[in-house]
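Let me begin by presenting the structure, written as structure tokens, before commenting on it.
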Amino acid sequence: MALRKIRTLGDPVLQKVSKPVTEVNDKIRALVQDMLETMYAANGVGLAAPQVGVLKRIVVIDVTAEGNQPIVMLNPEIIATAGSQTGDEGCLSVPGKAGTVTRPNEVTVRALNLNMEPYEIKGTELLARAFCHEIDHLDGIVYVEKVEGKLHDAGAAEE
Ligand code: ZN
């Protein structure tokens with residue numbers, strides 16, 4: 001395993017649309033392990049493959065304080081949302097900053113696991129926000145495009 005360099009705002013890779021994963025090989029498994037390690041090392045709650053310069057539809061998330069419930073999603077798609085939440089959001093690709101973003105309060109995602117088996121997962125609050133934020137990255141969207149008002153300095157959880 002290895003830490004990967006996190007790309008920051010201004011890097012064109014963050015604006016590109018990622019390609020679906022078609023097979024899980026050793027390279028993909030190593031990438032996922034590296035993404036988890038990189039996310040935890042940066043105290044993030046989520047990381048998308050384009051943030052480490054790989055244009056594949058892969059997301060890792062762990063919103064638990066203990067950092068022991070990693071969620072790995074290949075080719076994730078939001079299939080249902082409900083409600084709304086407005087709150088601060090940050091991003092490992094926009095270090096030290098946060099901004100107010102409105103997201104659904106409940107989000108259901110369909111994705112593949114590392115065995116290419118489909119599963120569905122429902123999240124609320126921070127987890128729902130993380131799903132939306134990370135899946136946006138796969139479409140070349142960084143949260144700063146959705147911020148209401150201005151970015152401000154912050155030290156909260158970053159995705
Ligand atoms: Zn982000």
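The values are calculated or read from the model by the stated rules, or taken from the named source; none is laboratory data. Keep in mind the model is a prediction, meaning the values are calculated, not measured. No Cβ is skipped: glycine too gets one built from the backbone with ideal geometry, and neighbour counts run over all protein chains shown.
Just a few scattered comments:
- Conditions (1) assigned to a helix (DSSP H, G or I); (2) closer than 22 Å to Val107 by Cα; (3) among the aliphatic types (A, V, I, L, M): number failed by Leu47: (1)
- Count of region 109-159 residues which are part of a strand (DSSP E or B) and within 16 Å of Thr81 (Cα to Cα): 8
- Residues in region 62-90 that are surrounded by 14 or more Cβ atoms within 10 Å (Cβ to Cβ) and either free of Cβ contacts under 8 Å to residues at least 12 places away in the same chain or in contact with a Leu (Cβ under 7 Å, 6 or more places away or on another chain) (or both) were compared, and the one that is nearest to Arg129 (Cα to Cα) is Val63.
Conditions (1) surrounded by 20 or more Cβ atoms within 10 Å (Cβ to Cβ); (2) over 9 Å from the mean Cα position of the chain (by Cα); (3) among the small types (Gly, Ala, Ser); (4) at pLDDT 95 or above, marked per residue:
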position	(1), (2), (3), (4)
Ile121	no, yes, no, yes
Leu127	yes, yes, no, yes
Cys132	yes, no, no, yes
Ile135	yes, no, no, yes
Gly140	no, yes, yes, yes
Tyr143	yes, yes, no, yes
Lys146	no, yes, no, yes
Asp153	no, yes, no, no
Ala156	no, yes, yes, no
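- Residues that are modelled with pLDDT under 95, in a loop (DSSP other than H, G, I, E, B) and either within 13 Å of the chain's Cα centre (by Cα) or surrounded by fewer than 14 Cβ atoms within 10 Å (Cβ to Cβ) (or both) do occur in region 1-21.
- Of residues in region 86-96 being part of a strand (DSSP E or B) and within 11 Å of the ligand (Cβ to nearest atom), the one farthest from Pro50 (Cα to Cα): Glu89
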